[in-house]
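The structure appears below as C-alpha cells.
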Amino acid sequence: MDAMKSILIGLVLLILLSSNGLAHKVNLFAYAENGMVYTESYFSGGKKVIGSTIEVFDAKNNKLLLTGKTDKNGEFSFKIPEATGLRIVLTASMGHKNEYLLSEDEVRDAIGIAKLPEKSPPEKMETEKRQAPPEKATQIYDDRLESLMEQVVEKKTAPIMKKLLKIEEQMQKPSLQDIIGGLGYIIGLMGIGIYFKYKKKS
Amino acid sequence: MHISEGVLSAPVLVTGVILTAAGVSLGLKKMDYEKIPEVAVLTSAFFVASLIHVPIGPSSAHLVLNGLIGLLLGWPAFSAILVGLSLQALLFQFGGITSLGVNTFNMAFPAIVSFYLFRIFNRRYNRYLLVSSGFLCGVVGILGSALLVALSLVTTGEAFLTAAKLIVIVHLPVMIIEGVITATAVVSLNKVRPELLTRKVKI
C-alpha cells in the first residue's frame with residue numbers, strides 16, 4: 001500500500017496548495033452608480049479578462065440594449081440605457097461565460113428615479129410644498145444641499161461598495177468545505193461501487 | 001478547459017453526452033473490484049487538481065491531470081472524470097451541468113489516448129522510455145483536451161485555428177508541468193508498485 005500512501009500524501013498536499021491557488025472560472029461583477037453601470041471581470045485566478053464581449057440585456061424581455069468590450073483592466077462601464085433590470089452577460093474566450101443581474105431597484109436608484117412612480121408620497125410632498133410655498137432662495141439652497149449631500153454620501157460609500165464587491169468575490173471561491181465535501185462524495189461512490197462489484201463476485 | 005453553460009449549441013451538447021455515455025459504460029464494464037479504490041483516489045486527485053492554478057502565461061489555466069489519470073486507469077478514466085467534473089460543476093460552479101457531457105469527453109478522450117500511448121511505448125522496459133513516455137502522456141492529455149475544446153467551440157462561431165492556437169498557447173506551461181508531474185509519478189510508481197503500470201498491457 002506504499003503507492004496508495006504516497007498518492008494520499010499527494011492529495012493532502014494538493015488540498016493545502018489549493019487553499020491559496022485558485023480556480024478556473026470567469027467572474028463578472030457590476031454595480032450602478034450615478035447614472036452609470038460599472039462592471040469588473042476577471043478569471044478566478046485574478047487575471048483580468050481583457051477585450052471580451054459584454055452584452056447588456058433588458059432583464060424583463062431579453063432585448064439586447066448594448067454591447068461593449070472590456071478594457072485592459074477587465075473593466076467596462078456604460079450609461080444606463082433604460083430604467084429597468086439589466087442582465088449583463090460576459091463571453092470570454094475558451095468557452096467561458098458568466099452573467100450578472102442588476103435589479104431594477106438598483107438601476108433606478110442610480111439614475112435617481114423614484115422606485116415606483118405611481119406611488120403617491122412624492123406627489124403629496126409636492127402638494128404640501130404648494131400649500132406652504134417656501135422661499136425661492138431656500139429652495140435653491142435645498143436643491144444644492146441635496147446634490148452636495150449625494151456627492152458626499154457617494155464618496156463615502158464608494159469604499160464600502162468596493163468592499164462588498166470583494167466579499168461577493170470571496171463567496172464565489174471554492175471553500176474548504178466544498179473541497180472536503182466533494183472528496184467525501186467520491187469516497188461514498190467508491191463504497192457503492194465496491195458494494196455492487198463485491199456482490200457480483202460472491 | 002471547462003466550457004460554461006449556455007455557450008454551446010444543442011447538437012454539440014447532445015453529441016458530447018452520447019460519446020461520454022458510451023465511454024462511461026465501457027469504463028464501468030472494465031472496472032473490476034480491485035480497480036475501484038484506484039479509480040476513487042484518482043478521481044479525488046482530478047477533483048482537486050483544477051484548483052491548482054498555474055500563474056504563468058497570458059491567461060489563467062489550471063492543472064487537469066487527465067494524462068496521468070488515463071495512463072493509470074484506462075477506460076475507467078471516463079467515469080473518474082465524469083464524477084470529478086460533476087462535483088466541480090456542483091460545488092465550484094466550474095463548467096456547467098448541461099456541458100458536462102462535452103467537458104467529460106474533451107478531457108477523458110485524450111486520457112484514453114495517453115493510456116494506449118504509454119502501453120505502446122513501454123512494451124520493453126527501458127528507464128528513459130518510461131520517463132519520456134510519462135512526460136509525453138502528460139503533454140498529450142492537455143494538448144488533446146485543448147484541441148477538443150477548440151473543436152467544440154467551432155460551432156459557436158470561433159474559428160478553429162484561432163481558438164485552438166489561443167487555447168494551446170495558454171496551456172503551454174500547464175502542458176510542461178503536467179508532463180513533469182506525470183513523468184515523476186510514473187517513475188515513483190514504477191519503483192513502489194510496478195504492477196500499476198504493467199497491468200492490462202494487452203491492448
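Computed from the coordinates by the stated procedures, all read-outs in this text should not be read as laboratory data. Since we're looking at a predicted model, the values are computed, not measured. Methodologically, a virtual Cβ is constructed for each residue, glycine included, from the backbone with ideal geometry; neighbour enumeration extends over all protein chains shown.
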Euclidean distance between Cα centres, region B:1-74 to region B:80-102, Å: 9
Those aspartates and glutamates that a straight Cα-Cα span of less than 19 Å connects to B:K30, excepting residues fewer than 8 apart in one chain: B:E38, B:E195
Segment B:A21-B:V154, length gained on full extension (0.36 nm per residue, minus Cα span): 45.6 nm
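For chain B, state the semi-axes of the equivalent ellipsoid (square roots of 5 times the eigenvalues of the alpha-carbon gyration tensor), sorted largest first and rounded to whole angstrom.
Values: eigenvalues 142, 75, 44 Å².
The equivalent ellipsoid of chain B has semi-axes of 27, 19, 15 Å.
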Exceeding the 29 Å Cα-Cα cut-off - candidates A:K97/A:K166; A:K97/A:K156; A:K79/A:K163; A:K69/A:K173: A:K97/A:K156
R0 of 41 Å, Cβ-Cβ distance B:L90-A:M149: FRET efficiency to nearest 0.05: 0.30
A:E106-B:S132 pseudo-label distance in nm [points 7 Å out on the Cα-to-Cβ vector]: 5.6
FRET efficiency for A:K163 and B:V14, using Cβ-Cβ distance with R0 set to 51 Å, rounded to 0.05: 0.70
Set of aspartates and glutamates near A:K197 by C-alpha distance (under 12 Å), chain-local residues within fewer than 8 positions excluded: B:D32, B:E34
Kyte-Doolittle at least 0.5, axis length at least 20 Å by Cα - qualifying DSSP helices, chain B: B:10-30, B:100-121, B:127-153, B:160-192
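Suppose only helical runs count, i.e. DSSP H with n ≥ 4. What mean residue ellipticity at 222 nm does that imply for chain B under -39500 (n - 2.57) per run, divided by all residues and rounded to the nearest 500 deg cm²/dmol?
Values: 8 runs with 140 residues, N = 203.
Helix contribution divided over all residues of chain B: -23000 deg cm²/dmol.
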Part-to-part distance (alpha-carbon centres) for region A:136-165 and region A:45-104, which is given in Å: 27
